Amino acid sequence: MERDGFPLTPDTIAAQMSGNIFDYGTRKIAVLPSPMVQNHAAFLMRDNADILHCVWFAGELEGKADISIFHSELHPDAIAWSQAVRRTDDPDRSEQNPILFQAINGDIHLLHTAQPGGDQDRCVVRMRRLGQQPRDLDLPMGTFVRARPVVRHDGAWLLPLFHCVHQSGARWTGRHDYASVAITHDGGQTWRRVDVPQSTGCVHMSIVPIKHDKMVAFFRRRQADFVYRTETSDGGETWSVPRPTNIPNNNSSIAVQRLLDGRIALVCNPINKDMSTARRQSLYDELGDDNRPEADGGCTPVWGVPRAPLTVFFSSDDGQTFDNPVVVWNSSGACLSNNSTDGHNQELSYPALAQHKSGNLDIAFTLHRRAIAFVRIPASEFTEAS
């Protein structure tokens, strides 16, 4: 990743996709192996054996049917990530936004979305034990996932959702997206949903347990204004109306986690529509051949705001305010195209977080849509910033 003065181009990134871990000052860095030209939307999970798992989606271009879920592992004391394994293979749908979740019994579950073309409003959510056959969850058409489930004190799983509302004859652009939480008491066999009130435009909900039944959650915003926050005091059965935090958001994904020291870490691109004039029409411009009109009403989504720098912020007040930024990586952040091979895309986006028991913070993210990058930040770097 731009080591030794080599510029980042699609070819130089590809040459570094070995999974080998290198020292970069006090940090560790790697570019994960993948046989595909487009790699996006990483998710990290550390299992009970201290193996760090990374899943993401990869193929030719987001929205195309060859997009599948890939999986790599980093074992304790290993010097490289394992070769990527394809975990899904639907020939007719673009399989995106993977999540790994280890249940109390030790089973690792893979959840992901599956959509036809760029029609996120016709998406389904699939779930399987890792390595087994999937099943579609009984959730409304257009349901999406991005963030990890949390386990409530009574054993219920809370899965944050967002919904891409279908309007017949119109193409999806995000105007009517809203958030909810799905709750299961039987290990994912059946679900009921709780909507987040007045959440139009709030997506990628990320839940952070606080104490007992109190939880907070944070959102990416289609309106590209700020990261938003909501809270619950009854274990996720009701949620407050989302309100803005002090962190800008560019309508790109965020990652949030409670740290061992009690603070909340937030990784994002702290830039919004008022800080850049860069715009694109929608997320799936490159797919073309969609002459349907945009849906009416709802919010006004903003696409194309740069996706850089990638920065970690910290909160000591349960996410009401964030400060003490630590920059993970930087670039122009250009994201007016999803193309991974012409060098125009320079986004650093869709971060994933996992903290080791040592306190070190592991972050994976999209590197110019060409690869998934990995950075390990030593605890000393952000402990001093507190």
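The values are calculated or read from the model by the stated rules, or taken from the named source; none is laboratory data. Just so it is clear, the model here is predicted, and its values are computed rather than measured. Cβ atoms come from the backbone with ideal geometry, glycine included; neighbour counts cover every protein chain shown. Areas reflect the complete protein model, heavy atoms only, side chains present, ligands, DNA and RNA absent. Shrake-Rupley method; radii C 1.70, N 1.55, O 1.52, S 1.80 Å.
Each row is one residue, and each column tells you yes or no for (1) under 15 Å from residue 80 (Cβ atoms); (2) acidic (Asp, Glu); (3) open to solvent by less than 40 Å² (accessible area, probe 1.4 Å).
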position	(1), (2), (3)
16	yes, no, yes
21	yes, no, no
28	yes, no, no
56	no, no, yes
62	no, yes, yes
Leading residue by the ranking (farthest from the chain's Cα centre (by Cα)) among those in the range 223-264 that are of a type in the set (Gly, Ala, Ser) and closer than 21 Å to residue 160 by Cα: 233
Among 240, 168, which is farther than 28 Å from residue 279 by Cα, among the hydroxyl-bearing types (Ser, Thr, Tyr) and either touching a His at 6+ places or on another chain (Cβ under 8 Å) or open to solvent by 10 Å² or more (accessible area, probe 1.4 Å) (or both)? 240
Going residue by residue through the range 278-301, is there one that turns out to be at pLDDT 95 or above and closer than 23 Å to residue 13 by Cα? no
Take the range 261-281 and flag every residue that is open to solvent by 10 Å² or more (accessible area, probe 1.4 Å) and touching a strand residue (DSSP E or B) at 6+ places or on another chain (Cβ under 6 Å). 263, 270, 271, 280
Select from the range 265-294 the residues that are closer than 25 Å to residue 166 by Cβ and either of a type in the set (S, T, N, Q) or part of a strand (DSSP E or B) (or both) and list them in ascending order. 280, 281, 282, 291, 294
Search the range 168-193 for residues that are without any contact (Cβ under 8 Å) to a residue 40 or more places away in the chain and under 23 Å from residue 230 (Cβ atoms) and pair each with any residue that is surrounded by 16 or more Cβ atoms within 10 Å (Cβ to Cβ) and polar (S, T, N, Q) when their beta-carbon atoms are under 6 Å apart and the residues are at least 6 apart or on different chains. 178/199; 178/200
Within the range 295-302, identify whether any single residue is open to solvent by less than 70 Å² (accessible area, probe 1.4 Å) and not in a loop (DSSP other than H, G, I, E, B), and answer yes or no. no
Positions within the range 120-148 being within 19 Å of residue 176 (Cβ to Cβ) and open to solvent by less than 20 Å² (accessible area, probe 1.4 Å), in sequence order: 120, 121, 123, 125, 142, 143, 144, 145, 146
Which of the residues belonging to the range 85-107 are under 20 Å from the mean Cα position of the chain (by Cα) and open to solvent by 30 Å² or more (accessible area, probe 1.4 Å)? 85, 86, 87, 93, 102
State all residues of the range 127-149 that are under 17 Å from residue 204 (Cα atoms) and basic (Lys, Arg); if no residue qualifies, say none. 146, 148
Suppose we filter the range 219-248 for residues that are closer than 28 Å to residue 156 by Cα and either in contact with an Asp or Glu (Cβ under 6 Å, 6 or more places away or on another chain) or of a type outside the set (Val, Ile, Thr) (or both); how many remain? 15
